[in-house]
Amino acid sequence: MLDIHAVESHYGRIPALKGIDLHVDSGELVALVGANGAGKTTLLRALSGVQRVSAGRVTFRGEDITRASTDRRVRLGIVQVPEGRLVFGPLSVENNLRLGGYTRRRAESEESLARVYAMFPVLMERHRQPAGTLSGGQQQMLAMGRAMMARPQLLLLDEPSMGLAPKLIEDIFAHIRALKAAGTTIFLVDQNARAALSVAERGYVIETGRIVLSGTGRELLEDEQVKAAYLGF
């Protein structure tokens, strides 16, 4: 579904991505883990079209999208849940969700809304409440629900566990597993390497803008280098 070949990206003269190669197959849940500042969010921004790719190629379902606009990527089915959730605080929960479905026909949006409410019942309970008054975990559910309104072919999840208590992290990752089970292809980025690799079929480790390790989720969890750097062993 997604193929990234020799991708580079810069902030001014500073290289942030240095020849990234990875792929995500249809139906997979692939994790990217690494320290803060390693380039995880930059890569997701490059896939969404927010960050410019200075070299290399990004192909989605056989189409070269390296220079495609952000809205073109959304219409193709690439949808991102941003780091920090970024909900529209003054707007109601339901209006936040409806914004996520702006590229879809009204009938499709209504169907998607019903699915989101079935997946996240707390959002239905609070659908008229301003999004900014929700808890951190509820806002993360809202951000994920908003993305699902666009009916993504590929869901990009950026740090979904950030700032959440352990119990809420468990809840969020249970929802991620449910999305995967329902057939959604997911590319997951998270500093919580243990949680991310535990749900991933395959994973990559990024350090200072380069992929340094790859393997199945289980293989990376058992790798001594990963244990020492990211799992606290």
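Every read-out reported here was derived from the displayed coordinates using simple, explicitly stated rules and does not represent laboratory data. Since the model is a prediction, treat every value here as computed from it, not as a measurement. For neighbour counting, all protein chains shown are included, and Cβ atoms are generated from backbone atoms with ideal geometry for every residue, glycine included.
Of [x] 17.2, 51; [y] 19.6, 64; [z] 16.1, 49, which is the value of Rg and Dmax of the Cα atoms in Å derived from the coordinates here? The value computed from this structure is option [x]. Among the listed pairs K180/K227; K40/K227; K18/K40, those whose Cα-Cα separation exceeds 24 Å are K180/K227.
Averaging Cα coordinates gives a centre for the range 123-155 and one for the range 49-92; these two points are 18 Å apart. Packing-based ranking of 108-120, 35-47 yields 35-47, 108-120, ordered from highest to lowest mean Cβ neighbour count within 10 Å. Taking 0.36 nm per residue of separation and subtracting the current Cα-Cα distance, fully stretching the chain between R177 and K227 would add 15.7 nm. Where only DSSP H runs of four or more residues are counted, the chain gives -10500 deg cm²/dmol as its mean residue ellipticity at 222 nm, each run worth -39500 (n - 2.57). Sorted on the mean count of surrounding Cβ atoms within 10 Å across their residues, most packed first, peptides 67-75, 170-178, 192-200 read 192-200, 170-178, 67-75. Secondary structure note: in the chain, about 55% of the DSSP beta bridges are antiparallel.
Residues whose amide H falls under 5 Å from that of Q51, counting only those 5 or more places apart or on a different chain, are A46, with hydrogens built in the peptide plane. Going 7 Å from the Cα of M162 toward and past its Cβ, which residues in the range 171-204 have a backbone nitrogen under 15 Å from where you end up? Within reach of a label on M162, which here means backbone N under 15 Å from a point 7 Å along Cα→Cβ, the range 171-204 contributes 188-193.
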